[in-house]
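Below is one structure, written out as structure tokens; comments come after it.
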Amino acid sequence: MDKRIYFDHAATTPVDPRVLDKMLPYFTQKFGNPNSQHAFGRETVCAVDDARDEIAACIGAKPSEIYFTSGGTEADNWALRGAAYSLANKGKHLIVSAVEHPAMIATAKELAKKGFEVTFAEVDEYGAADLEKLEKAIRPDTVFVGVMTANNEVGTIQPVKEIAALCKAKGIVFFTDAVQAAGAIPLNVKEIGADMLSFSAHKFYGPKGIGVLYIRSGLKIEKLVSGGHQERSMRGGTTNVPAVVGMAEALRIATQNLDENAAYVSAIRDRFIHRVLREIPYVKLNGHPEKRLPANANFSFRYIEGESLLFSLDLKNIAVSSGSACSSGSLEPSHVLLAMGLPEGLAHGSIRFSFGKDNTMEEADYAADALKEIVVKLRALSPLFPKELKNEVYPKEQ
Ligand code: PLP
């Protein structure tokens, strides 16, 4: 195939042309600073207010509970640091699931060096939080629990409602990183019962560098970015008006077409998974078989390094990710797969395919064929691959 195939939508998505159209006037004609008191400012402050209303409506929040940030990483950092510091006089124990995004894990590790105690809560073999173990990890001085809505590497959807209820009963702040979930599965802060929730526009066909931290009204956390009076004096910095407008439009479109998009991408994903598991030997599907994001397929290929697979697929114009995009470049095995109990060998051989609304069945078939060929070639070269398996015919007759 001459065309490039993009199966890395969990890393980022292209901006939807309708989103871009909405954004464009705010770069040139409507460029006023929303904090300015003249007509130029009034024009953009209205656009920001409308965007805030739209976003709040999409997730069942009040507009005053929406805080714009520079993306998911900042929102995650703010939620965890902000809650930790504001609640430090009540308790200094923080619980974060072991499969969180590095934006949470790294922040938790930094807080651990600053006098807080952190427990990385265990997950089961699918990467889902274990409620019993989580409850046992809670102590009288626990003030914060952070568990993502859905995992970025393996796509497993977490029992966030149950976790929120548990935290509420014990008076603990519950935060969920919904960066992978927003625009992909239904998301309502009130239904979940979350005290805080984060998401990022570039994961749902919006622009990069813009995100949201939802903070339930009544909850006070410390600010992360000091400066002007933007975001009710809670997050300084001139508002990125085009990005805010684009994020609202992207979330509106994603929310309106949620079921249709989920059905479309999951059909492609399911066919791909079916073919890979049937036609390639020694493969493991990582993550929960059903409770997973509609677009995610993550496999471990035994006897092969994920990086070699990624580069071989790239040579065939197929873009995928090994582990999470944010931590690729490092040769560390995925902390998510290790937390799920995968041996290092399998954790090293993992590849994530994440599908999008512009992908087709033909692309999935082309990729499955290419993958089959590549796996055979790489295993033939692999010193780890047992000789007696080399002539095995696959798929085996049932
Ligand atoms: N949280 C999760 C679950 C993610 O997948 C990502 C990005 O990959 C982030 C946070 C960080 O978001 P951003 O890229 O907007 O900083």
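No lab work stands behind these numbers, since they all come straight from the coordinates. In this text the structure is predicted, and so the values were computed from the model without any measurement. All Cβ positions, even for glycine, are placed from backbone atoms using ideal geometry, and neighbour counts span all protein chains on display.
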_Below 8 Å, C-alpha to C-alpha, sequence gap of six or more: please give me the relative contact order for the chain in percent._
22
_Integer Hz, Karplus 6.51/-1.76/1.60 couplings in order for segment 132-143, x for Gly and Pro_ = 4, 5, 5, 4, 5, 6, 6, 10, x, 9, 6, 10
*asked:* Pairs of alpha-carbon atoms within less than 8 angstrom and 6+ residues apart define the contacts here; what relative contact order does segment 1-47 have, in percent?
replied: 21
*Would you mind getting me the FRET efficiency between residue 232 and residue 385? Use the beta-carbon distance for r and R0 = 45 Å, nearest 0.05.*
0.15
*Could you tell me which trypsin sites (Lys or Arg not before Pro) in segment 1-48 are loop residues by DSSP with no more than 15 other beta carbons within 10 angstrom of their beta carbon?*
3, 4
*Relative to the compact globular guide of 2.2 N^0.38 Å, what is the alpha carbon radius of gyration of the chain, as a ratio?*
1.03
_Relative contact order (%) - criterion: Cα under 8 Å, at least six apart; region: segment 230-318_ = 19
_Can you tell me the orientation of helix 102-112 relative to the chain, as the angle in degrees between its alpha-carbon axis and the longest Cα principal axis, to the nearest 10?_
60
*Cα atoms only, segment 59-146: Rg and Dmax in Å?*
13.7, 39
*In a solvent-free Debye calculation with one equal scatterer on each Cα, what is log10 I(q)/I(0) for segment 110-241 at q = 0.16, 0.18, 0.19, 0.21 Å⁻¹, listed in the order of the q values?*
-0.94, -1.16, -1.25, -1.39
*Once label points are set 7 Å from the Cα along Cα→Cβ at both residue 372 and residue 311, what is their separation, rounded to one decimal in nm?*
2.6
_Student exercise, the chain dipole from Lys, Arg, Asp, Glu Cβ charges, in Debye to nearest 20_ = 720
